[in-house]
Amino acid sequence: MRGQSSRGFSRSEKYEDAIEAWCDESAIRFALDDDSVKSEHQWYLDSDKYTHGENYFCKIVLDGDTPVALFMLAVFNDDTKAHLTESVVYLDTLIINPTLRNQGYGTKIITEVLRHSDQIIRSSYCVFISQIHKDNDAAKNLAARLGFHFIYTEAEKDNYWFDWVYPASAAERYLNYRNSN
C-alpha cells in the first residue's frame, strides 16, 4: 500500500470519480456530514489556517493501482496544542472503498499514521483526535481496538459526534481543556 497526495485532485483525477462514488449513504452520514470529498478537501485548501503537505494532508491510499481509501488529517492551529503540549492531529476523514471494507485496511492505515507521525507531520509527540458519529460502530470499534479513548463532556451527551483521543494518557488533559471552553 502506498499513499499519494496532491495539492488538489489535479494529480489524482483518475481516482476522483471512484472516490466520490464511495460516498454512499453511510460515508456521507459518518464521515462527510453531507459534503463531498472534493468540497471537504477544497475547504482545507481555501482556509488561511491550513497548507497542504504541511499541516493538512489528503491521501489516496493505493494497493497497486487500486484506490483503497481516502483519508484527511490536519494539525490543529488553535490553542489546543498549548493546553496539551503535543502536536494535536485531527483525523478528519477516512473512507474505505466499499468493495474492500472489513479487510483490515482501516486498521493498517490508522496504525501507519500513528506509528509514523514523525515522518508525516514532523512530530513524534502527537495527540490524535478523531470525531466519530455515535452510530458508526465500525469506526468506534476500530478506535477502541487501536487504543483511542472515548471522551465527552456532560454538555455533549446528546450530540451525534464524539471525540476519541490517542494516546489514552492525553484523554484527561484533553477533556479538561474541553470542559474549560
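Rule-based calculations on the coordinates, nothing more; no lab input. Quick caveat, the model's predicted, so the values are computed rather than measured. FYI the Cβ positions are ideal-geometry reconstructions off the backbone, even for glycines, and counts take in every protein chain you see.
Quick look at the numbers
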item	result
Rough spin-label spacing in nm, given labels placed 7 Å along Cα→Cβ, for A138 and D46	2.9 nm
Above-threshold pairs, the threshold being 26 Å between Cα atoms, out of K49/K108; K59/K140; K38/K157; K49/K157	K49/K108; K38/K157; K49/K157
Potential extension, N176-E54 segment - 0.36 nm per residue separation minus Cα distance	41.1 nm
Residue-wise HN-Hα coupling along the range 57-67, computed from phi with Karplus coefficients 6.51, -1.76, 1.60 (Hz; x: Gly, Pro)	9, 10, 10, 9, 8, 10, 10, x, 9, 8, x
For D92, distant residues with modelled amide H under 5 Å away	M72, L73, A74
